[in-house]
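Have a look at the structure below, then the notes.
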Amino acid sequence: MKIWYCPQFLFLLMNLLIIAIVLVVFNLSINVIESHIAALLILFIAATFYVIGYLIIFSFENLAEASQSKSEFISIISHQLRTPVSSIKWQLSLILDKKFNLNEEKIRKFLESINQDNEKMINMINDLLEVSRIEDKSLILNLSSFSLRDLTEEIVSLNIKVSFPDNIPDVFADRVRIKNVIINLIDNAVRYNVDGGRVSIELKEMPGFIRFLIKDEGIGISEEDLRMIFTKFFRGVNTLRYKTDGSGIGLYIAKNIINASGGKIGFESRDGKGSIFWFTLPITKAEQKIIN
Amino acid sequence: MKKKILIIEDEAHLQDVFKEIFESEGYEYVFAYDGETGIKMAENESPDFIILDLILPKKDGFEVLQELKNNPKTSKIPMAVLSNLEGSHDVERVLSLGVSNYFIKSHYTPQEISEKIKKIMGE
C-alpha cells in the first residue's frame, strides 16, 4: 500500500502541519507582516488541508472496499465449501445408520460420491492457497519447455475440436499451472455454453509467442460483467443465483499465472453468440532449451 | 395412499440420499433438477409436500417460491426450504414469501429432516 493511502500517516502529517502553522502564525503575529501576504498564506494552507483531508477520506474508502470484498469472499467460499461438506455429512450418516442397512453396491456408490465431494474441497483449497501466494507475491513458477499442443490434447475431451498448425514450437512456462489454466478455461466454456453448443480450441504461432484460443457458443458475458471478469472473487450476476459451482477465483488465478509467465490473457464477448478467451505464452528460446 | 414428495434440488448426491430415506419411509417421490422443472412438476404431479433448495439453475428458489405461492393450484402445498444459505436476508425473504420451515443442510442429518417433514405433514 502506498504511503499516501495510509490514514495513520496522513493524520500524523496533518497534525505536524497544524503544529507548524500554529507556530508560524504565532511568529507572524508578533512580527506583523503585510496583510495580503498573510491572506495568501492562509489560503494556501487551507488548500493544503483540503487536499490532505480528501486523501484521508479516499484512503478510508479504499480500506472499506478491500474489507468488504474480503468478507464477501469469505461468505462465498464458506458457502462453496459447505455444499460438499453437507453432502459428505448426509451420505455418511446414511451409510452409518443401521436402520437403512445399505448393501455393498450402494455403499460403494455413496463412497464414490463422497470421494468426488472431497476432491472438490481439495481443489477449492488449492485455489485459495494459490490466491494467497499471488497476494503475498510468493508465487514461484517452475519453468520448463513443453509442447502446448500435447498438453492441450492431454486435457480435452472428444467433443472439443482442437486445431493447430504443423510444427508448432514449444513454450517456456510452468506446465502444471498452465494445465490448470487450460482446465479452467475449458470448464468455463463448457459450463456457460448453451445446450448442444460447440467448444473449439485453436493454437496459433505468433512472433515470439504461441496463442491459445477457446471459443464457446454460450450466452456471452453481460455488459456490466465485462469489466470485472478477471477480478478476484467476481462471479457474474447470474452465476451467483443459479450456479452452485465456481468461487470466482479461476480467472483471477489464470490471469496472474499467464502474466507471471510473460504472456497475456484476454477475451472477447460476441454479443449473445458466446465468448472467446485467449492467452499467449512465450516460445522457448534456444538458450532455454539447453537448461532442460 | 402413499404421500408424494417433490424434491427440487440440483445436487445429485443429495438426491441419492433422499431416495434412500424416502424409500425406507414408504413415500413416493419425484425429483426436479432445476427451478423451472420444479414449478411444472408442482403443478402436474400434485405432490403432498415440496422440498426446495434455493440456489438452483434456470430459476432460483426464491422465484420458484413466489410462483408457487401465486398459483392457486400450488399455493396450499406444504413446503420446506432446505438450503445452505443462512444470511438473515435470505431467511427473511423466505419467511415473507410464506414458508416457515427453513432448514440449513449442514446443520441436520437427513434422518432429522425426514422426521421434521413427517411432523409437518401431520403424521
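Got at least one residue in the range B:34-47 being over 28 Å from residue A:110 (Cβ atoms) and buried (at least 18 other Cβ atoms within 10 Å of the Cβ)? Outline the logic, then answer.
Going residue by residue through the range B:34-47, those that are over 28 Å from residue A:110 (Cβ atoms) are B:36, B:39-40, B:42-44, B:46.
So of that shortlist, the ones also buried (at least 18 other Cβ atoms within 10 Å of the Cβ) come out as B:39, B:42.
Yes.
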| task | Go through the range B:31-63 and count every residue that is under 22 Å from residue A:191 (Cβ atoms), of a type in the set (Val, Ile, Thr) and more than 9 Å from chain A (Cβ to nearest Cβ). | result | 1
| Single condition residue B:24 does not satisfy, out of (1) away from chain A (no Cβ under 14 Å); (2) within 20 Å of residue B:2 (Cα to Cα); (3) not aromatic (Phe, Trp, Tyr) | (1)
| query | Of the residues A:102, A:96, which single one is modelled with pLDDT of 85 or more, within 14 Å of another protein chain (Cβ to nearest Cβ) and touching a helix residue (DSSP H, G or I) at 6+ places or on another chain (Cβ under 9 Å)? | reply | A:102
| said: I'd like to know if the range B:8-16 contains one or more residues that are in contact (Cβ under 8 Å) with a residue 12 or more places away in the chain, surrounded by 15 or more Cβ atoms within 10 Å (Cβ to Cβ) and farther than 19 Å from residue B:109 by Cβ. | reply: yes
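Among the listed residues A:140, A:178, which satisfies the condition of being in contact with a Leu (Cβ under 9 Å, 6 or more places away or on another chain), closer than 30 Å to residue A:213 by Cβ and away from chain B (no Cβ under 14 Å)? Don't jump to the end; show me each part of the working.
Details: A:140 fails: in contact with a Leu (Cβ under 9 Å, 6 or more places away or on another chain).
A:178 is the lone residue from the list that is in contact with a Leu (Cβ under 9 Å, 6 or more places away or on another chain), closer than 30 Å to residue A:213 by Cβ and away from chain B (no Cβ under 14 Å).
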| query | If the Cβ limit is 7 Å and pairs must be 6+ apart or interchain, which residue in the range A:1-27 that is β-branched (Val, Ile, Thr) pairs with which residue that is assigned to a helix (DSSP H, G or I)? | reply | A:3/A:9; A:21/A:45
| message | Within the range A:56-76, take every residue that is among the polar types (S, T, N, Q) and free of Cβ contacts under 8 Å to residues at least 24 places away in the same chain and give me the one that is farthest from the other protein chains (Cβ to nearest Cβ). | response | A:67
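Please work out if residue A:225 is at pLDDT 85 or above and charged (D, E, K, R).
Numbers: at pLDDT 85 or above: no; charged (D, E, K, R): yes.
No: the conditions fail for residue A:225.
The values are calculated or read from the model by the stated rules, or taken from the named source; none is laboratory data. This structure is a prediction, so every number in the text was calculated from the model and none was measured. Using ideal geometry, Cβ is built from the backbone for each residue, glycine included, and neighbour counts are taken over all protein chains shown.
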